[in-house]
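The values are calculated or read from the model by the stated rules, or taken from the named source; none is laboratory data. All values derive from a computational prediction rather than experimental measurement. So basically every Cβ, Gly included, is an ideal-geometry build from the backbone, and we count neighbours across all protein chains shown.
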Amino acid sequence: MNVVRRLIGIGVVGVMCGAVVAIDRQSDTATIGASSALVPFAGFPQAVSGSRISTSWFCPGAAAGDGITGASVVIANPGDVEIVASLRLLSDTSGPIENVTVEPRSQKKIDVLRGKTVGVVAPVVEIIGSVGSVEQELLYAAGDVTAQCVSQTSSTWYFADGFTVEGTSQRLVLINPFPESAVVNVSYTTRDGKRTPSALQGLIVPPGALKSVSLADAGAANESRIAIEVIATTGQIIASRTQHYLGGGRLGYSTSVGVPEALGEWWFVSGRTGELVTEELVVFNPTEIDAQVNVTFFGEGITNGIAIDEVGGPALPSQVVDIPAGEVVGINTDNIADLPKGDHAMVVSTLNDARVVVEHVLSQKTTTSTFTAVTNGIPTGLLTSKWRIPAGLAKGARNALSVLNVTAVDGTYTVFTIGPGGQVGLPGLIDVPLPAASLTFLDVPEGASDGEVVIEATVDVAVQRRTRRGNGLVGFGIVSALPVRLR
């Protein structure tokens, strides 16, 4: 159902059916977790500013048995003093701890497979202090993958998009970095409803180790829609997912950490529609309340150039979709009227008290093949004016960086690189105008080396990037930048 949405006054996107979504929402969020020491949205990828004794980074892991040719963690140090980190490689057993030093204003890339050809290896990095961040990189014939790491464990994890059609493999990895065992229950939802296989109940994940689960072996073979819910009844863990797409309109490789909770609003800023593109927003409602979500779009020909302080401004393409309790639904953006073809950003918002999990799936045909990129959304509570890209943009694809002004206020942004001379603004990318509700795409900037990249804006923005697949493959992967919580 198409719904007319208009920009009314300064800072509000109104839905004519009565719901209102403000694009400059900055409301505080209650701390998640039992401990008041935990920061809001702690289980999501983010960097926290301020002084901390240490910061842990848990990465999704590398499935050596999938034929990966290389896997590494990238530790970025933007500071002026050397940082010390410890690295532990978890598999079916816990590996030894090794110390790593990273020089000021530099990165260090560390191999994590160490010749391993079978099994899964999950890196855990602990950095002394709050300076420094970590990402994971995989080298694979089906497409290289950059994945985010997170700094907090959780007792719940969710995945909206799963796929095992035509031999596609999907692996769920349960990572326990703690010295006591964790007990985990796993359920999954397909088009036929929710299943709780007995083999996936009461799974014991040993201390300092991980457990790998094949969804096909667990009864979810040849499924085009698989949402997963992971609940640790004892302890806390990290849950990640690896998918090797082999058919059914998808090709490529994907790995990512799940999301620790369902929320009411998710942002995506590297969307695309076109003749050769299939784009879906896969929405999972793990609650017992029926959800109604609205999808609104931003970008060239949609919101760029709109005078949003003018009451009754142009309508935004949008769609309202019902997501029944406990079900997973795919929203094909190509079916939304009035959406221009090309690149765009999107926000998925619930119109009631229900909370959902959303993933963005983009598959595109090339002259010789197909590629698929999958990414999690960015929660509204993590929208901020500063973002970091630990692995840098050197491996970026065309339109490598996408920046969306999520407010109703005109602003500017600057792109910095971190190198021997410290943080330096890139020529031509200093104080670049970014109008209200405006989306901009940048190719890999001139002068962007392998170093960490920082984006700073005068308004809150959402930032994602596209990465090259390597190996001469056409297409890209999508991964969000790392928000820096400033408040």
Unmet criterion (only one of (1) within 18 Å of the chain's Cα centre (by Cα); (2) assigned to a loop (DSSP other than H, G, I, E, B)) for Ala216: (1)
Those residues of the stretch 322-352 which are more than 25 Å from Thr407 (Cα to Cα), of a type outside the set (Gly, Ala, Ser) and in a loop (DSSP other than H, G, I, E, B), in sequence order: Pro324, Glu327
Residues of the stretch 358-382 satisfying the condition of being over 9 Å from the mean Cα position of the chain (by Cα) and of a type in the set (S, T, N, Q): Ser363, Gln364, Thr366, Thr367, Thr368, Ser369, Thr370, Thr372, Thr380
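Taking Pro179, is it assigned to a strand (DSSP E or B) and at pLDDT 95 or above?
Against the criterion (assigned to a strand (DSSP E or B) and at pLDDT 95 or above), Pro179 does not qualify.
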Top-ranked residue of the stretch 39-54 - restricted to ones that are surrounded by 20 or more Cβ atoms within 10 Å (Cβ to Cβ) and farther than 12 Å from Pro260 by Cα, ranked as modelled with the highest pLDDT: Gln46
The stretch 319-337, residues that are surrounded by fewer than 13 Cβ atoms within 10 Å (Cβ to Cβ) and modelled with pLDDT under 90: Asn335, Ala337
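For (1) surrounded by fewer than 20 Cβ atoms within 10 Å (Cβ to Cβ); (2) among the β-branched types (Val, Ile, Thr); (3) modelled with pLDDT of 95 or more, each residue gets a yes or a no:
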{"residue": "Trp266", "(1), (2), (3)": "no, no, yes"}
{"residue": "Leu281", "(1), (2), (3)": "no, no, yes"}
{"residue": "Gln292", "(1), (2), (3)": "yes, no, yes"}
{"residue": "Thr296", "(1), (2), (3)": "no, yes, no"}
{"residue": "Glu300", "(1), (2), (3)": "yes, no, no"}
{"residue": "Gly312", "(1), (2), (3)": "yes, no, no"}
{"residue": "Ala345", "(1), (2), (3)": "no, no, yes"}
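Looking at this structure, is Thr190 surrounded by fewer than 21 Cβ atoms within 10 Å (Cβ to Cβ) and either among the basic types (Lys, Arg) or touching a Lys or Arg at 6+ places or on another chain (Cβ under 8 Å) (or both)? Reasoning before the result, please.
Details: surrounded by fewer than 21 Cβ atoms within 10 Å (Cβ to Cβ): yes; either among the basic types (Lys, Arg) or touching a Lys or Arg at 6+ places or on another chain (Cβ under 8 Å) (or both): yes.
Against the criterion (surrounded by fewer than 21 Cβ atoms within 10 Å (Cβ to Cβ) and either among the basic types (Lys, Arg) or touching a Lys or Arg at 6+ places or on another chain (Cβ under 8 Å) (or both)), Thr190 qualifies.
Report whether or not Asp443 is surrounded by fewer than 19 Cβ atoms within 10 Å (Cβ to Cβ) and acidic (Asp, Glu). Please lay out each step first, then the result.
Working: surrounded by fewer than 19 Cβ atoms within 10 Å (Cβ to Cβ): yes; acidic (Asp, Glu): yes.
Yes; evaluated as a whole, the condition is true for this residue.
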Failed item, numbered, when Gly472 is tested on (1) free of Cβ contacts under 8 Å to residues at least 60 places away in the same chain; (2) under 30 Å from Tyr253 (Cβ atoms); (3) in contact with a strand residue (DSSP E or B) (Cβ under 9 Å, 6 or more places away or on another chain): (3)
Yes/no for Pro435 being touching a helix residue (DSSP H, G or I) at 6+ places or on another chain (Cβ under 7 Å), modelled with pLDDT of 90 or more and surrounded by 16 or more Cβ atoms within 10 Å (Cβ to Cβ): no
Residues located in the stretch 124-168, provided they are part of a loop (DSSP other than H, G, I, E, B) and of a type outside the set (Gly, Ala, Ser): Val131, Tyr140, Asp144, Cys149, Gln152, Thr153, Asp161, Phe163, Thr164, Thr168
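Among the residues that make up the stretch 353-376, is at least one of them outside any strand (DSSP E or B), in contact (Cβ under 8 Å) with a residue 24 or more places away in the chain and among the acidic types (Asp, Glu)?
Step one: of the stretch 353-376, the residues outside any strand (DSSP E or B) are 353-355, 366-369.
In the following step, the residues that additionally are in contact (Cβ under 8 Å) with a residue 24 or more places away in the chain were identified as 353-355, 366-369.
Remaining after also requiring among the acidic types (Asp, Glu): 353.
Checking the stretch 353-376: at least one residue is outside any strand (DSSP E or B), in contact (Cβ under 8 Å) with a residue 24 or more places away in the chain and among the acidic types (Asp, Glu).
For the stretch 205-225, name all the residues that are more than 19 Å from Pro60 (Cα to Cα) and touching a residue at least 12 places away in the same chain (Cβ under 8 Å).
Here is the first cut: in the stretch 205-225, the ones more than 19 Å from Pro60 (Cα to Cα) are 216-225.
Hits for the stretch 205-225 are Ala216, Ala218, Gly219, Ala220, Ala221, Asn222, Glu223, Ser224, Arg225.
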